[in-house]
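Engineer: Have a look at this one before I ask anything.
Values quoted throughout were computed directly from the atomic coordinates according to the rules given, and no laboratory measurement underlies them. Please read all numbers here as calculations on a predicted model, not as lab measurements. Cβ atoms come from the backbone with ideal geometry, glycine included; neighbour counts cover every protein chain shown.
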């Protein structure tokens, strides 16, 4: 035994020690981000992508990929402008907070102190300025969609708040348009001029614009949207250039470049101080902007649900024009944005001093370019800690269905037609003879199908009182399994037949189409959103109010959702 121990000791003394791995350098981190960027771009399906990575002192990297214009094969360059959508809200908030530091705006004052003409039905409770900044005012989102953001604010006089102001959270573009109107009124210049003077000029964002015009869009990437706007997006939807349009809105009309946005992120990383050393916000005001606002009960403001499936943490806490994150002891801010043909995603780690912005020229739904931002932020944090760099996320499995077997059955319609839904592991499909067509999740119990017979609607599976799937609908068509034991006919008011049909209009250059369908005796939008009858002849669609009028014979030719008009078009 002693001889064996001597041998083992000798071997231990001569065995080489494992070579310690060097801590990853910032170049290693940037290389990992560059390597994943094309994958993230492919996952989103965007024609072009622009990314900026920065620390507190300078831009670490600008990464550009793909095409600013597919048809002309024009590449994205560092000088290419992109629309940043709702990231604009943080800039509008910054402008107003500067006015607060100048003692020209009181965040606890009523909006009507600064906009005497502003009014909405809020149960007699005044809406305060800070409630607009944090989406806690209860103002509906996109109550009207018009070229004039001021008219959109004016028409709120016919709206009702979604909840008593200061008691809950609901995202509202109209609320931030109102912030912009306050900035213009107090600063005695239009919102775009105030943004130029209070944000772009001091931060050094010389290539940014507050508005869309032919001149400001001349060096912007062409935005792309789905060609088939009248149906759910397919797995690889065809794209077309979005229509050019003039656009001015404090909630989302800024155009910028990656270098300008890096400068903007650095402003936050430096605690509200510009690159030249100018402090734009007092420390207390900066802290208020970058921490969650509070409800009347003192709880932090933020979304009670998930606003973005691809980035669930966004909007769980909300400050003044910024999402707020506290993760692993670090304090972060961020925002996403989308406007016709463009999306953007931004995040900054204020504790550790780095941030990332990504901008794409693809329509907002269903994805933002957050995958590359979130991965880059994890890589930068690991590098700073001297830890191994994380591997990129696996490509999403678009066909994955949790508990797929619970949907598998044969579903029969009253007409005798049937659909056979089969499951295999974590996937669903329609089986038609020897052909199978995959089903892809699009929300709880909702699926898009690759079967060309079903292009216009999502399949919506329905459950019984015990939570078991026993029905499905496709548009106005209804099917049930053999286990279904409920009614098979449902009466509805004859007047509703006049409402059923396709309605559409064009907003911000993009066609918007919805179909009014009668499903199981209920009036719905696209077979999914119930229209609940109200006493005055209108209908509730969630928080929205829907009305039908302008009858031509027995058909309504106009549907109004809140203050937005849609018109009947005689197409499927």
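Engineer: With runs of 4+ DSSP H residues as the only contributors, calculate the mean residue ellipticity of the chain at 222 nm using -39,500 (n - 2.57) per run, divided by the residue total and rounded to the nearest 500. Each step should come with its number before you reach the end.
Structural biologist: Values: 10 runs with 112 residues, N = 572.
Helix-only estimate at 222 nm: -6000 deg cm²/dmol.
Engineer: Is the C-alpha gyration tensor of the stretch 26-91 telling us rounded, prolate or oblate? Criteria: a/c under 1.5 is rounded; beyond that, a/b larger than b/c is prolate, otherwise oblate. It would help to have the intermediate numbers written out before the result.
Structural biologist: Details: a/c = 1.78, a/b = 1.18, b/c = 1.50.
It is oblate, given that a/c is not under 1.5 and a/b is not larger than b/c.
Engineer: May I have the extent of the alpha carbons of the chain along their three principal axes, as whole Å values ordered from largest to smallest?
Structural biologist: Principal extents (Cα only, largest first): 88, 81, 54 Å.
Engineer: Let me ask something additional. When only alpha-carbon atoms count, how far does the stretch 117-191 stretch along each of its three principal axes, as whole angstroms with the largest first?
Structural biologist: Result, largest extent first: 33, 23, 21 Å.
Engineer: Rounded to whole Å, give me the distance from the Cα center of the stretch 217-233 to that of the stretch 433-503.
Structural biologist: Here the two parts' Cα centres lie 29 Å apart.
Engineer: Another question, then. Let me know the whole percent of all Cα-Cα pairs from the stretch 33-138 that are separated by more than 21 Å.
Structural biologist: Working: 3213 of 5565 pairs.
Taking all Cα-Cα pairs of the stretch 33-138, the fraction more than 21 Å apart is 58 percent.
Engineer: While we're here: Test of understanding: express the Cα radius of gyration of the stretch 494-569 as a ratio to 2.2 N^0.38 Å, with N the residue count. Display every interim value, and only then the final one.
Structural biologist: Working: Rg = 11.7 Å, N = 76, 2.2 N^0.38 = 11.4 Å.
So the stretch 494-569 has a normalised radius of gyration of 1.02.
Engineer: Just order 274-284, 537-547, 46-56 by mean Cβ neighbour count inside 10 Å, highest at the front, would you? Mind dumping the intermediate values first?
Structural biologist: On the way: 274-284: 13.2, 537-547: 16.9, 46-56: 25.1.
The densest-packed peptide leads the list: 46-56, 537-547, 274-284.
Engineer: Using only the Cα atoms of the stretch 334-490, construct the convex hull and provide its projected area averaged over every direction, in square nanometres to one decimal. Display every interim value, and only then the final one.
Structural biologist: On the way: hull surface 54.6 nm².
Mean projected area of the Cα convex hull: 13.6 nm².
Engineer: Can I ask one more? For the stretch 216-266, what is the convex hull volume of its Cα atoms per residue in Å³?
Structural biologist: Numbers: hull volume 7.4 nm³, N = 51.
Dividing the Cα hull volume of the stretch 216-266 by its residues yields 146 Å³.
Engineer: Can I ask one more? Where the Cα atoms of the stretch 187-233 are projected onto their three principal axes, how long is each span, largest first, in whole Å?
Structural biologist: Per principal axis, max minus min of the Cα coordinates gives 44, 23, 19 Å.
Engineer: Further question on the same structure: Just report the Cα centroid separation between the stretch 521-552 and the stretch 105-152, whole Å.
Structural biologist: The distance from the Cα centre of the stretch 521-552 to that of the stretch 105-152 comes to 26 Å.
Engineer: Next up: Rg and Dmax of the stretch 68-189, Cα atoms, in Å?
Structural biologist: Expressed in Å, the Cα Rg and Dmax of the stretch 68-189 come to 16.7, 56.
Engineer: Over the C-alpha atoms of the stretch 388-464, what are the Rg and the largest Cα-to-Cα span, Dmax, in Å?
Structural biologist: Considering the stretch 388-464 through its Cα atoms, Rg and Dmax are 14.8, 61 Å.
Engineer: With the cut-off at 1.5 for a/c, could you classify the stretch 403-517 from its C-alpha gyration tensor as rounded, prolate or oblate?
Structural biologist: Details: a/c = 1.96, a/b = 1.28, b/c = 1.53.
It comes out oblate by the Cα gyration axes.
Engineer: Counting pairs of alpha carbon atoms under 8 Å apart in space and at least six apart in sequence, what relative contact order in percent does the stretch 394-517 give? Provide the component values of the computation, followed by the final result.
Structural biologist: Working: 206 pairs, mean separation 20.7, N = 124.
Over the stretch 394-517, the number comes to 17 percent.
Engineer: Can you tell me how the stretch 246-325 classifies by the Cα gyration tensor, rounded, prolate or oblate, using a/c under 1.5 as the rounded cut?
Structural biologist: oblate
Engineer: A follow-up question, please. Compute the relative contact order of the chain as a whole-number percentage, counting only Cα pairs closer than 8 Å that sit 6 or more residues apart in sequence.
Structural biologist: Values: 1234 pairs, mean separation 77.9, N = 572.
Rounded, it is 14 percent for the chain.
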